1. Looking at Glu74, Glu68, Glu5 in this structure, which one is touching a Pro at 6+ places or on another chain (Cβ under 9 Å), surrounded by 14 or more Cβ atoms within 10 Å (Cβ to Cβ) and at pLDDT below 90?
2. Pairs only if they're at least six apart or on different chains, beta carbon under 7 angstrom, first in region 66-85 and under 11 Å from Ala21 (Cα atoms) and touching a residue at least 40 places away in the same chain (Cβ under 8 Å), second aromatic (Phe, Trp, Tyr) and assigned to a helix (DSSP H, G or I); list them, first residue then second.
Amino acid sequence: MANEEWEKVKEALRKPPTEEARKEAADAFNRYRIVQLEKGKGSTPTLVSLGLKKTYPHAIPVDKIPQELERNPEFFELLGRIVKK
């Protein structure tokens, strides 16, 4: 089930960076995160970016990624580039 949810996140991130697409990606990532939590993962991982002069934080806890996806188009595009490769 987690793989299904991750595929939905990737599909949403492949869309053009519109407000609706960012909201859809945030919702999909939140559902994916909830499925992962049900598996018993105990730690709180953090996504870290070493890029300079970005409009998003350099360290984002995974539970805050949905809010950042929805709020910040540059962060949406960054994750979109990751899943498109």
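The values are calculated or read from the model by the stated rules, or taken from the named source; none is laboratory data. The structure presented is a predicted model; accordingly, all values stated were derived computationally and were not measured. No Cβ is skipped: glycine too gets one built from the backbone with ideal geometry, and neighbour counts run over all protein chains shown.
1. Exactly one of Glu74, Glu68, Glu5 is touching a Pro at 6+ places or on another chain (Cβ under 9 Å), surrounded by 14 or more Cβ atoms within 10 Å (Cβ to Cβ) and at pLDDT below 90, namely Glu68.
2. Pairs found: Leu69/Phe29; Leu69/Phe75; Leu69/Phe76.
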